[in-house]
1. Only residues that are at pLDDT 95 or above and of a type outside the set (Val, Ile, Thr): list them for the range 12-32, please.
2. Working only within the range 1-17, note down all residues that are out of contact with any helix residue (DSSP H, G or I) (no Cβ under 6 Å at 6 or more places or on another chain) and not polar (S, T, N, Q).
3. Looking at the structure I just gave you, is residue 49 over 18 Å from residue 7 (Cβ atoms) and of a type outside the set (D, E, K, R)?
4. Is it true that residue 61 is touching a residue at least 40 places away in the same chain (Cβ under 8 Å), surrounded by 15 or more Cβ atoms within 10 Å (Cβ to Cβ), touching a Gly at 6+ places or on another chain (Cβ under 7 Å) and among the small types (Gly, Ala, Ser)?
5. Check residue 74 against each of (1) in contact (Cβ under 8 Å) with a residue 60 or more places away in the chain; (2) under 14 Å from residue 110 (Cα atoms); (3) crowded, with 19+ Cβ neighbours inside 10 Å and name the one condition it does not meet.
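The values are calculated or read from the model by the stated rules, or taken from the named source; none is laboratory data. Just so we're clear, the structure is a prediction, and the values are computed from it rather than from any experiment. Neighbour counts run over all protein chains shown; Cβ positions are idealised from the backbone, glycine included.
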Amino acid sequence: MRKAAESFEDLHIYQRARKLTGAVYTITRGSPFARDYGLVDQIRRAAVSVMSNIAEGFERGSKTEFIQYLYIAKGSCGEVRAQLQIALDQNYLDQGQYQRLYDLGQQISGMISNFIGHLQTTNYQGEKVSHPKRLNYCEFDKKLAKICKDHNVKLPNYDQPESE
């Protein structure tokens, strides 16, 4: 059985989206693509959106929100593929460059769909539901003071002005 991801960087879909984003940035630096500022900006934003929505959804801490953000990432992946077609039609890319990036975009889109399906069938509800409530400041302060006392660590007193 596979170990659960501890961070969004552990997710294969995030790693693959990062490769797509890097490839989009690389390909859009070259001429004549680089001179089409509008398309360059749009395709880069869409590629970044795939990565960003995977990351943000993961960090939201609930399965429902994660799935919502994954759908947004999937939509952005479709946007990248559409913009790649525009770039091909404008002869900014050769067929090989286009196909390589388009296939990667399709692969990521499929991976996102599969991951959404997996999340929808799992009992895990996310960090917001599964983890105990976080301590409020006073509870945290008391626990920290006890840990420091137990380990003979002196904390600085930020309430007192520093002596010179």
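1. Within the range 12-32, 12, 14, 15, 16, 17, 18, 19, 20, 22, 23, 25, 29 qualify.
2. Residues satisfying the conditions are 1, 2, 3, 4, 5, 6, 9, 10, 11, 12.
3. Yes: the conditions hold for residue 49.
4. yes
5. (1)
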